[in-house]
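Presented below is the structure to which this report refers.
Every read-out reported here was derived from the displayed coordinates using simple, explicitly stated rules and does not represent laboratory data. None of the values given here were measured: they were computed from a predicted structure. Because the Cβ atoms are built from the backbone with ideal geometry, glycine has one as well, and the counts that use them run over all protein chains shown.
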């Protein structure tokens, strides 16, 4: 096993601790995984697992389990190297408020991108085609990142945005999206980051961390 794979296994533990401490891995069978670039493997584990398992993301084409959802993400998105299913209190509550959010915060549109309508497992490839980094699948949050660190930041950002949106919607407040030009520019920057990450993964390398806004 390579040094990179061993380092990813250690990173899995650190990410699980960070997300669990922040109560961002809750729901039905929450799970966390990390892609091993240059292979068809991922380190996958559910929240209560003591150790992640090294398994192929090509083995679960038609199952609705967490491991199948993670596998579908890696098969469809070459730029994604980290996935979490499950979320925090407000991310989970979003399922009762339409299951999606408009782009209302700068950071949201820059790092999470466009959030598609909620999906069920067999609709996942179509939802992933929008290249956003968060959506609800089977009423559970699915958060993605180009790296493990970016995944953690995206999960924290999603919960913060979901809290603001759910509370505003529950109190009949008006939620106004950012101007289209702001969303367009931010989404283009995200797309460029994802393109660079994709090239790194296809070369068997981990993506570089995104810097700045």
Rounded tilt (10° steps) of 3-21 against the dominant C-alpha axis of the chain: 40
Inter-probe distance in nm under a simple model that places probes 7 Å from Cα toward Cβ, at residue 156 and residue 130: 2.5
Sites residue 5 and residue 188, calculated FRET efficiency, Cβ-Cβ separation with R0 35 Å, nearest 0.05: 0.55
Spin-label model distance (nm) - residue 51 vs residue 104, 7 Å beyond Cα toward Cβ: 4.5
Efficiency of FRET between residue 181 and residue 76 - r from beta-carbon atoms, R0 30 angstrom, step 0.05: 0.55
The chain: relative contact order in percent, alpha carbon pairs under 8 Å with at least 6 residues between: 22
Correct option for Rg and Dmax of the Cα atoms in Å [calculated from the coordinates] among (1) 23.0, 97; (2) 16.1, 54; (3) 17.6, 54: (2)
Gained length - residue 58 relative to residue 139, 0.36 nm times residue gap less alpha-carbon distance: 26.8 nm
Sorted by Cβ neighbour density within 10 Å, fewest at the top, the residues 2, 210, 71, 56: 2, 56, 210, 71
